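Q: Can you read through this structure? Questions will come right after.
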Amino acid sequence: MLPAIVSDLVSRTALLSRLRVLLQLLRHPVTYPHWGPLIPSRHLWVGPRDPLVHFLRWPWEYRAYLILLCELRRDSSVLELACNHGRTMLGLLDYLCPPGRYEGLDILPRQIEFARREITARFPNFGFTLANVSNPAYGGSGGTDAANYRFPYADGSFDVVYAASLFTHLLPAAAANYLRETRRVLRQGGRALFSFLVLDDYRGPGTTIGEWYRFDHELEDGVAVQRADLAERLIAFGRHRIEDMAQNAGLRILRILPGYWSNTHRAPVNEQDLILFESS
Ligand SMILES: C[S@@+](CC[C@H](N)C(=O)[O-])C[C@H]1O[C@@H](n2cnc3c(N)ncnc32)[C@H](O)[C@@H]1O
């Protein structure tokens, strides 16, 4: 009897607090008014069931990382790989000013179509391009293998390149190619910031922040995956593999900022590990 009353009370309290949040949302705007059309309906989101605050973390975290770590200026040119529908870039809308510009690249046609229609139409210095590449974990528009894909930009045309959770879904040959292409499109001395999952920090099942982060299937030396039958679902690279790929691409690793996914660091920054590169 008592547990039933308690659970009834708990669910009433939860309902009331949800209603209170709903009322607040109706009375006060939850994002900047001009962001309204720039946030797509949930079926296009990376995580359709994510709370809005989780969605909104990304633009602000990446704005700070790009300015503090990559020295992004208001007139810089910046390329985002795996931009999806344009989420992390929302924090750059009132930062970059022409000739400052942003380019986003992704393999998902509907998301890129949305970004062009809603974002580029209002902010012409923010462009989006569909890459003719597919990824078994995401779908995509087919065509070229990511391991051979050439970014559709001129040599040395960007000051900064970044990607949030892309190298966590690329097989080694594709990751190596994307690092080489990054070097090609970066100007001399330009910086890149990519999130990775550094395998060295993985201590086995049950040690990470969630079941999702499991790397018990070795793909090859220094590379392990969450699912043997769908490697691109989630991939972790050993530090030595990342260092080798960077060196072969002509990129120097400036810093590795550990993330909290692995539960191994006392002062982690992002959920994933962030690796800062400079073109050498
Ligand atoms: C976890 S989501 C992250 C999306 C985005 N960075 C964000 O945080 O909002 C991974 C993204 O990588 C993209 N992707 C996967 N393989 C790709 C490839 N070979 N080239 C470019 N994008 C790719 C997917 O389409 C998807 O948008």
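Q: Take the conditions modelled with pLDDT of 95 or more, buried (at least 16 other Cβ atoms within 10 Å of the Cβ) and near the ligand (Cβ under 9 Å from one of its atoms) and apply them to ALA176. Does it pass?
A: In short, no.
Q: Moving on. Between ARG203, ARG227, which is surrounded by 12 or more Cβ atoms within 10 Å (Cβ to Cβ), among the charged types (D, E, K, R) and assigned to a loop (DSSP other than H, G, I, E, B)? It would help to see each step written out before you state the result.
A: Working: ARG203 fails: surrounded by 12 or more Cβ atoms within 10 Å (Cβ to Cβ).
Unique residue meeting the criteria: ARG227.
Q: Yes or no: segment 140-147 includes at least one residue that is touching a helix residue (DSSP H, G or I) at 6+ places or on another chain (Cβ under 7 Å) and at pLDDT 95 or above.
A: Looking for residues that are touching a helix residue (DSSP H, G or I) at 6+ places or on another chain (Cβ under 7 Å) and at pLDDT 95 or above, one finds at least one in segment 140-147, hence yes.
Q: Related question: Does GLY47 qualify as being assigned to a loop (DSSP other than H, G, I, E, B), within 10 Å of the ligand (Cβ to nearest atom), without any contact (Cβ under 8 Å) to a residue 40 or more places away in the chain and of a type outside the set (Phe, Trp, Tyr)?
A: Considered against the rule, which asks whether it is assigned to a loop (DSSP other than H, G, I, E, B), within 10 Å of the ligand (Cβ to nearest atom), without any contact (Cβ under 8 Å) to a residue 40 or more places away in the chain and of a type outside the set (Phe, Trp, Tyr), GLY47 comes out as yes.
Q: Now for a separate question. Could you list all residues from segment 72-103 that are touching a helix residue (DSSP H, G or I) at 6+ places or on another chain (Cβ under 9 Å), within 19 Å of GLY189 (Cβ to Cβ) and in a loop (DSSP other than H, G, I, E, B)?
A: LEU72, ARG73, SER76, GLY100 - these are the residues of segment 72-103 that are touching a helix residue (DSSP H, G or I) at 6+ places or on another chain (Cβ under 9 Å), within 19 Å of GLY189 (Cβ to Cβ) and in a loop (DSSP other than H, G, I, E, B).
Q: Quick one: which residue in LEU193, LEU254, LEU274 is part of a strand (DSSP E or B), touching a Gly at 6+ places or on another chain (Cβ under 9 Å), surrounded by 14 or more Cβ atoms within 10 Å (Cβ to Cβ) and not small (Gly, Ala, Ser)?
A: Within the list LEU193, LEU254, LEU274, the selection yields LEU274.
Q: Has segment 4-24 got at least one residue that is under 20 Å from ASP106 (Cβ atoms) and assigned to a helix (DSSP H, G or I)?
A: The answer is no; no qualifying residue exists.
Q: Output the residue which, of all residues in segment 68-94 that are surrounded by fewer than 17 Cβ atoms within 10 Å (Cβ to Cβ) and of a type outside the set (Asp, Glu), is nearest to the ligand (Cβ to nearest atom).
A: Restricting to residues being surrounded by fewer than 17 Cβ atoms within 10 Å (Cβ to Cβ) and of a type outside the set (Asp, Glu), the top hit is LEU68.
Q: I'm checking my understanding of the structure. Among residues of segment 117-147 that are charged (D, E, K, R) and not in a loop (DSSP other than H, G, I, E, B), which one is surrounded by the fewest Cβ atoms within 10 Å (Cβ to Cβ)?
A: Looking at the filtered set, the residue picked out is ARG117.
Q: Is it true that ASP155 is more than 12 Å from the ligand (Cβ to nearest atom) and either surrounded by fewer than 17 Cβ atoms within 10 Å (Cβ to Cβ) or more than 20 Å from ALA231 (Cα to Cα) (or both)?
A: Yes.
Q: Could you please find all residues in segment 151-188 being assigned to a strand (DSSP E or B) and more than 19 Å from ALA137 (Cα to Cα)?
A: Listed by number, the residues that qualify are PHE158, ASP159, VAL160, VAL161, TYR162, LEU186, ARG187, GLN188.
The values are calculated or read from the model by the stated rules, or taken from the named source; none is laboratory data. Predicted, not measured: the structure shown is a model, and the values here were computed from it. Glycine gets a Cβ as well: all are built from the backbone with ideal geometry, and neighbour counts include every protein chain shown.
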